[in-house]
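Let me begin by presenting the structure, written as structure tokens, before commenting on it.
Computed from the coordinates by the stated procedures, all read-outs in this text should not be read as laboratory data. None of the values given here were measured: they were computed from a predicted structure. Glycine also receives a Cβ, built like all others from the backbone with ideal geometry; neighbour counts cover every protein chain displayed.
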Amino acid sequence: MNRIADVVVVGGGIIGCSVAYYLAKKGVKVIVIEKKKGLSFGASGANQGGCALQLFHPPILELARPSLEIYRNLSQEIGYDVDYENTGSLVCSVDEEQYPDMQKHVEKKRRQGINVQLIEGDRLRELEPTLGGDVVAGVEEQEGGIMNPFKVNYGFAYAARKLGTEFFLSREVKKIERDKNRITSVVTDREKIGTNFVVNAAGAWASQIGKMVGISIPVRPRRGQIIVTERLPLNKRWRYILDADYLTTAFDLAAVEKSEDPRIRLGVAGSYVQENTGNWTIGSSRDFADYTTRVTMQTIRYLAKRAARFMPKLKSVNSIRLFAGLRPFCYVDGLPILSRLNSPRNFVIATGHAGEGVTLAPITGKLISELITEKTTSISIDAFAFSRFKGLN
Ligand SMILES: Cc1cc2nc3c(=O)[nH]c(=O)nc-3n(C[C@H](O)[C@H](O)[C@H](O)COP(=O)(O)OP(=O)(O)OC[C@H]3O[C@@H](n4cnc5c(N)ncnc54)[C@H](O)[C@@H]3O)c2cc1C
């Protein structure tokens, strides 16, 4: 045995590093193992870093709210600026026929205690002159925000490291050894680490780690593609703007698969975030393409065309980068899996955050640290238990 840790975290993404930080804060000796040569090589470095609270439904909403609460002071807490900004969000439509759905969205969100207001097209353009003439209505919410996902990932790692966490980079977990009902060690391509707990935070690769302990974790990669533009002056009112179609493409897989519109079948619905540098990220799409992170011209074309309808000024800007990332998507119900198993009883799963992992990273780390050190959690995570997949295992 080369090394010993209280907890081995598999995966140096935003979830693994948040888990490491909250555990280290409780005095736990953690080793994070990451197969790439640095952090943020998975989905955590290929996303838009946004949290539009109005997009969340229960039970995830119960996690999103406290996570956003943590974000407000996170930079101060960890001593690392994660560029969190309380920008709010606007979900808007270019389709007159979506108007009744937007009214329903407003009623539903108000019932869930989210402060939203429906604003008509001309008033929207008065408030935000960059919005196009096609935009008929929008729903504003002021609690959400944006953050720099790389800085969140590295910030958690920085704070965890200061508290004694070790990061083993360029090491791939190859095998997990157990003694009856308990894991005893994690084997990488370079060493063997004895441990009391293993946290599987391997994102879209989590099912591969599951196989090492003989369980089937129903998570697969759901690709998303993004365009990054050159810098533009900062928008006056909204810097996080979403196409109302997003409510379908992100949350209703059956409707996406049934749709006759090829754009919807590729999961393309606009999500536009303007960073504080002025660059826009134009996302995003949702499809299943195994582990490829290639961008495809058809999807990029749909993204660009759609964006120009919402904000015509984007028509004439240059794109400086295109990229794709792999969301860890639970194909049974789309919900995260936050759970400690009965067998092996020291195996913990923290994955399946799909398109919401940046938002949910702080609360996930906090709750997983409680699950390991206190056995119960300050917020119920029953809805995210692994036991919900009874037929699979
Ligand atoms: C296009 C796109 C846009 C998004 N936009 C948003 C957004 O606006 N807001 C939001 O909240 N979320 C967003 N997300 C979702 C968010 O990015 C993910 O939910 C989150 O990053 C998942 O983090 P993770 O740590 O679980 O996974 P990852 O970041 O993928 O980390 C998993 C890590 O595990 C490592 N690993 C895997 N197998 C092994 C092994 N055997 N040994 C060692 N290491 C291993 C991988 O190399 C990887 O670094 C978006 C995602 C995409 C793709």
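Summary table below
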| item | result |
| --- | --- |
| Among S93, S18, S319: highest mean-square fluctuation, GNM of the chain, C-alpha pairs under 10 Å | S319 |
| Gain on full stretching of the segment that runs from R345 to Q298 - 0.36 nm per residue minus C-alpha separation | 12.3 nm |
| Longest DSSP-loop-exposure-free segment, GluC sites (Glu not before Pro), the chain, at most 11 other Cβ within 10 Å | 1-259 |
| Contour minus Cα-Cα distance for D122 and I70 (0.36 nm per residue) | 15.2 nm |
| Unit charges at the beta carbon, dipole of the chain: most positive-side option, H57, A324, T248 | A324 |
| The stretch 218-234 - phi-based ³J(HN,Hα) in whole Hz, Karplus 6.51/-1.76/1.60, Gly and Pro as x | x, 10, 9, x, 10, 6, x, 10, 9, 10, 10, 9, 5, 6, 10, x, 5 |
| Charge tally in the Cβ shell below 11 Å around N346, where Lys, Arg are +1 and Asp, Glu are -1, N346 excluded | +2 |
| Helix-only CD estimate at 222 nm, as mean residue ellipticity for the chain, using -39500 (n - 2.57) per DSSP H run (n ≥ 4) | -9000 deg cm²/dmol |
| Cross-link partners of K236 among aspartates and glutamates (Cα-Cα below 18 Å; sequence separation of 8 or more within a chain) | E85, E120, D122, E126, E128, E140, E141, E143, E275 |
| Fraction of beta bridges assigned by DSSP in the chain that are antiparallel (%, nearest 5) | 70 percent |
| Positive-end extreme of charge dipole, the chain - chosen from L169, P100, Y22 (charges on Cβ) | L169 |
| Selected from P336, P328, P58 as most flexible by GNM, with the chain as the system and alpha-carbon contacts under 10 Å | P58 |
| Loop-resident sites, the stretch 316-385, for trypsin sites (Lys or Arg not before Pro), counting at most 15 other Cβ within 10 Å (DSSP) | R345, K375 |
| Cut-off under 5 Å, modelled amide H: who pairs with S285 long-range | Q225 |
| Debye, to nearest 20: dipole size of the chain, +1 on Lys, Arg Cβ, -1 on Asp, Glu Cβ | 1480 debye |
| Where only C-alpha atoms are counted, convex hull volume of the stretch 40-125 per residue in Å³ | 144 Å³ |
| Around K109: net Lys/Arg minus Asp/Glu count, Cβ-Cβ under 12 Å | 0 |
| Listed residues S89, S343, S284, most fluctuating in the chain (Gaussian network, C-alpha, under 10 Å) | S343 |
| Loop chymotrypsin sites (Phe, Trp or Tyr not before Pro), the stretch 265-327 (other Cβ atoms within 10 Å of the site Cβ: 13 or fewer; DSSP) | F288 |
| Extreme residue, positive dipole direction of the stretch 1-152, given options I4, V91, S67 (C-beta unit charges) | I4 |
| Amide H partners (placed H, <5 Å) of I4, local residues excluded | G194 |
| Karplus 3J(HN,Hα) series, Hz, for the stretch 266-271 with 6.51 cos²θ - 1.76 cosθ + 1.60 (x for Gly, Pro) | 7, x, 8, 8, x, 9 |
| Alpha-carbon Rg with Dmax, taken over the chain, Å | 20.8, 68 |
| Distance violations [Cα-Cα > 31 Å] among K151/K390; K192/K375; K151/K180; K35/K180; K36/K305; K25/K108 | K151/K390; K151/K180; K36/K305; K25/K108 |
| Rounded tilt (10° steps) of 297-310 against the dominant C-alpha axis of the chain | 50 degrees |
| Charge sum, other residues only, whose C-beta stays under 15 Å from R182's C-beta, Lys/Arg counted +1 and Asp/Glu -1 | +1 |
| Extension gain from R110 to V332, taking 0.36 nm per residue of separation minus the Cα-Cα distance | 77.1 nm |
| Euclidean distance of C-alpha centroids, the stretch 241-315 and the stretch 89-148, integer Å | 18 Å |
| Label-point separation, N181 to K390 (7 Å along Cα→Cβ), nm | 2.1 nm |
| Mean projected area (nm²) of the alpha-carbon convex hull when the stretch 258-355 is viewed from all directions | 9.0 nm² |
